[in-house]
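Colleague: This structure is in structure tokens; I'll ask about it shortly.
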Amino acid sequence: MPALGLLFCSSVLLSSLFGLEKTLTAPDVETGTLTIYWRGFCQNALPNEETKLRLIDWLGNTWDHCDLKFGNGPYISCKISGQWGDVCK
């Protein structure tokens with residue numbers, strides 16, 4: 001597991017800055033895709049369509065080229081992939 005354990009997610013498309021803290025899981029790191037439960041915070045704070053996002057970690061590092069997509073499964077989730085996976089290398 002990388003030293004960086006938390007990410008804050010803010011949508012470039014939103015007028016307000018929203019913060020989300022999530023502890024990285026082994027599958028997040030191994031696949032380079034951050035999976036977050038959709039209901040609650042994400043549903044209220046993130047765009048409800050697939051789009052580009054900017055991720056900012058707790059140290060202030062920024063990844064401008066991230067993709068927001070929606071996943072199917074037992075629970076509705078959003079999946080963030082792209083440049084943020086570089087932090088796991």
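Colleague: When the residues of the stretch 37-61 are filtered to those that are assigned to a strand (DSSP E or B) and within 17 Å of Lys22 (Cβ to Cβ), which remaining residue is modelled with the lowest pLDDT?
Modeller: Asp57
Residues checked against (1) in contact with a strand residue (DSSP E or B) (Cβ under 6 Å, 6 or more places away or on another chain); (2) surrounded by 16 or more Cβ atoms within 10 Å (Cβ to Cβ); (3) more than 14 Å from Asp86 (Cβ to Cβ):
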{"residue": "Glu30", "(1), (2), (3)": "no, no, yes"}
{"residue": "Ile36", "(1), (2), (3)": "yes, yes, yes"}
{"residue": "Lys52", "(1), (2), (3)": "no, no, yes"}
{"residue": "Trp58", "(1), (2), (3)": "yes, no, yes"}
{"residue": "Gly71", "(1), (2), (3)": "yes, no, yes"}
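Colleague: Scan the stretch 19-36 residue by residue and report those that are part of a strand (DSSP E or B) and touching a Phe, Trp or Tyr at 6+ places or on another chain (Cβ under 9 Å). Write out each step before concluding.
Modeller: Step one: list which residues in the stretch 19-36 are part of a strand (DSSP E or B), which gives 22-23, 34-36.
Result: Lys22, Leu34.
Colleague: Assess whether Asp67 counts as being part of a helix (DSSP H, G or I), surrounded by 12 or more Cβ atoms within 10 Å (Cβ to Cβ) and modelled with pLDDT of 75 or more. Step through it out loud before you land on a result.
Modeller: Working: part of a helix (DSSP H, G or I): no; surrounded by 12 or more Cβ atoms within 10 Å (Cβ to Cβ): yes; modelled with pLDDT of 75 or more: yes.
So Asp67 fails the test.
The values are calculated or read from the model by the stated rules, or taken from the named source; none is laboratory data. Remember, it's a predicted structure, so these values are computed and weren't measured experimentally. In this analysis, Cβ positions are derived from the backbone assuming ideal geometry, glycine residues included, and neighbour counts consider all displayed protein chains.
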